[in-house]
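Colleague: This is the structure, below, for whatever I ask next.
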Amino acid sequence: MKLIEATQFGGPEVLTVVERDTPSPGEGTLLVEVKAAGLNYADIMARSGFYPQVPKAPFALGFEIAGVVTDVGRGVKGFKEGDSVAAITLAGGGYATHAVIPAAMAIPLPKDFDHALAVALLVQALTAYILLDEAKVKEGDTVLIAAAGGGLGSIAVQLAKARGAKVIGLSSRSKFELVKHLGADHVADYEEAGWAATIKDTVGEKGIHVYLDSIGDLTTEAFPLLGQFAQWIIFGVRAGAHNPLPVEATFAMIEKNITLRGFNLEGSLQLVPQALTALFKAVAEGRLTLETTKYPLTEAVKIHQLFEARKTTGKVVLIP
């Protein structure tokens with residue numbers, strides 16, 4: 001088998017293609033021939049040394065896969081060779097031609113379901129769905145979504161609109177048309193100084209109710225636009241955005257009863273079954289469109305560079 005391994009913590013250049021013996025599944029596990037592996041910001045954090053689940057290097061990257069079962073471990077029931085499955089691989093190892101996963105974590109896929117599409121429904125779609133659900137987004141709310149042209153953001157835009165919210169997307173200018181096509185009512189370029197002023201009229205007097213933030217810049221221009229009882233939820237941090245919360249912002253947070261919190265999908269795993277059911281149904285009924293961009297697994301270095309530079313759109317999928 002082949003896999004992508006980070007030889008040490010650092011930039012994309014630390015990623016290396018490694019050959020290993022194909023493992024056999026142990027008790028309660030499945031051996032899966034990986035047909036698609038998803039790229040998420042968690043991969044960037046892990047590679048850079050900021051992900052707590054990766055204590056040391058070298059390590060295998062990749063936290064979600066979809067593929068075909070090629071061997072079944074002892075004691076496993078409900079799966080057989082040839083079954084199509086998807087899984088979140090909490091321990092990594094998804095960037096590979098084969099992966100051993102606990103049978104309990106395997107998600108059966110409908111026959112002939114696109115593996116790349118299945119991967120798109122895992123970490124990013126689940127995060128988008130659960131974020132909006134936990135924030136209790138409803139009709140009439142105004143939702144601001146960072147990186148709205150990316151894999152997670154593009155799904156969040158559609159799901160928020162389906163809930164009846166007014167959606168404002170933040171993206172690079174090159175992705176404006178895509179974000180509008182997905183349903184955003186307004187789009188702003190967060191790389192341009194003064195972008196918040198361009199959406200002030202769209203936001204209106206009530207302000208933003210929910211800000212889904214994958215940037216993590218606590219000095220963001222979005223802050224003055226947050227309304228009473230707004231929820232600012234950070235689920236990612238971009239390089240170069242490690243700015244502390246200004247002291248004066250603290251008083252505004254108290255005055256407006258603004259909630260600032262973090263989000264990690266692992267903290268809401270109990271909601272995954274219900275969320276997946278809803279997501280699969282939305283895709284099947286054509287209410288949710290998933291854009292996937294496929295790249296060869298061996299080009300992981302290049303793809304990490306593009307991903308970090310925000311030069312990708314939709315869900316980025318690596319194909320072994």
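The values are calculated or read from the model by the stated rules, or taken from the named source; none is laboratory data. Computed from a predicted model, the values in this text were never measured in an experiment. Ideal geometry is used to build each Cβ from the backbone, glycine not excepted, and the neighbour counts take in all protein chains shown. When the accessible area is computed, the model is the full protein with side chains, heavy atoms only, and any ligands, DNA or RNA have been set aside. Shrake-Rupley method; radii C 1.70, N 1.55, O 1.52, S 1.80 Å.
Colleague: Among DSSP beta bridges lying fully in the range 63-192, give the percent that are antiparallel, nearest 5.
Modeller: 50
Colleague: Could you give the accessible area per residue of the range 11-117, probe 1.4 Å, as a whole number in Å²? Kindly include the intermediate steps, with their values, before the conclusion.
Modeller: Values: 4890 Å² over 107 residues.
Accessible surface, normalised per residue, equals 46 Å².
Colleague: Here's another thing I want to ask about it. Taking a cut-off of 12 Å between Cα atoms, list the aspartates and glutamates near K175, but don't count ones fewer than 8 places away on the same chain.
Modeller: K175 reaches D189.
Colleague: Still on this structure, please answer the following. Using protein chains only and a probe of 1.4 angstrom, how many square angstrom of T277 are accessible, to the nearest 10?
Modeller: Number for this one is 90 Å².
Colleague: Which number comes out as Rg/Rh for the chain once both Rg and the Kirkwood Rh are worked out on C-alpha atoms?
Modeller: Radius of gyration relative to Kirkwood radius: 0.98.
Colleague: If you place +1 on the Cβ of every Lys and Arg and -1 on the Cβ of every Asp and Glu, how big does the dipole about the Cα centre of the chain come out, in debye to the nearest 20? Before the final figure, lay out each step's value.
Modeller: Details: 29 positive and 34 negative charges, 73 e Å.
The calculation lands at about 360 debye.
Colleague: In addition: So what's the angle, to the nearest 10 degrees on a 0 to 90 scale, between helix 247-256 and the longest Cα principal axis of the chain?
Modeller: 80
Colleague: Per the Cauchy relation, a quarter of the hull surface: what is the mean projected area of the convex hull of the alpha carbons in the range 99-143, in nm²? List each step's numbers first, then the result.
Modeller: Values: hull surface 19.7 nm².
Hull-based average projected area comes out at 4.9 nm².
Colleague: Further question on the same structure: Could you tell me the relative contact order of the chain? Use alpha-carbon pairs under 8 Å, at least six residues apart, and round to a whole percent.
Modeller: Once normalised by length, the contact order is 17 percent.
Colleague: Using the charge dipole of the range 182-222 (Lys, Arg: +1 at Cβ; Asp, Glu: -1 at Cβ; taken about the Cα centre), state which of V210, A197, G183 has its Cα farthest towards the positive end.
Modeller: V210
Colleague: Cα centroids of the range 1-44 and the range 188-207: how far apart, whole angstrom?
Modeller: 41
Colleague: Hey, what's the range 173-236 come to in accessible area per residue, 1.4 Å probe, Å²? Walk me through the numbers before you get to the answer.
Modeller: Values: 3110 Å² over 64 residues.
Per residue, the range 173-236 has an accessible area of 49 Å².
Colleague: Rg to Rh for the range 1-95: what is it, with Cα atoms only and Rh by Kirkwood?
Modeller: Ratio of gyration radius to Kirkwood radius: 1.00.
Colleague: Using only Cα atoms, find the angle between the long axis of helix 151-162 and the longest principal axis of the chain, and express it within 0 to 90 degrees, rounded to the nearest 10.
Modeller: Tilt of helix 151-162: around 60 degrees.
Colleague: Then there's this: Count the DSSP beta bridges whose two residues both fall in the chain, then state the antiparallel fraction as a percent rounded to the nearest 5.
Modeller: Values: 29 of 54 bridges.
Of all bridge pairs located within the chain, approximately 55 percent are antiparallel.
Colleague: Now for a different question. Just to confirm, what accessible area per residue do you get for the range 270-310 at 1.4 Å probe, in whole Å²?
Modeller: On the way: 2300 Å² over 41 residues.
Counting only protein heavy atoms, the per-residue value for the range 270-310 is 56 Å².
Colleague: When the accessible area of the chain is split by element with a 1.4 Å probe, what percent falls to carbon and sulfur?
Modeller: Taking all protein chains in place, the chain shows 54 percent carbon and sulfur surface.
Colleague: Among the lysines in the range 230-318, how many pairs, 8 or more places apart or on different chains, have alpha carbons under 20 Å apart?
Modeller: So the count of such lysine pairs works out to 6.
Colleague: Run the numbers on the range 222-320 and let me know its relative contact order in percent, using alpha-carbon pairs under 8 Å that are six or more apart.
Modeller: 24
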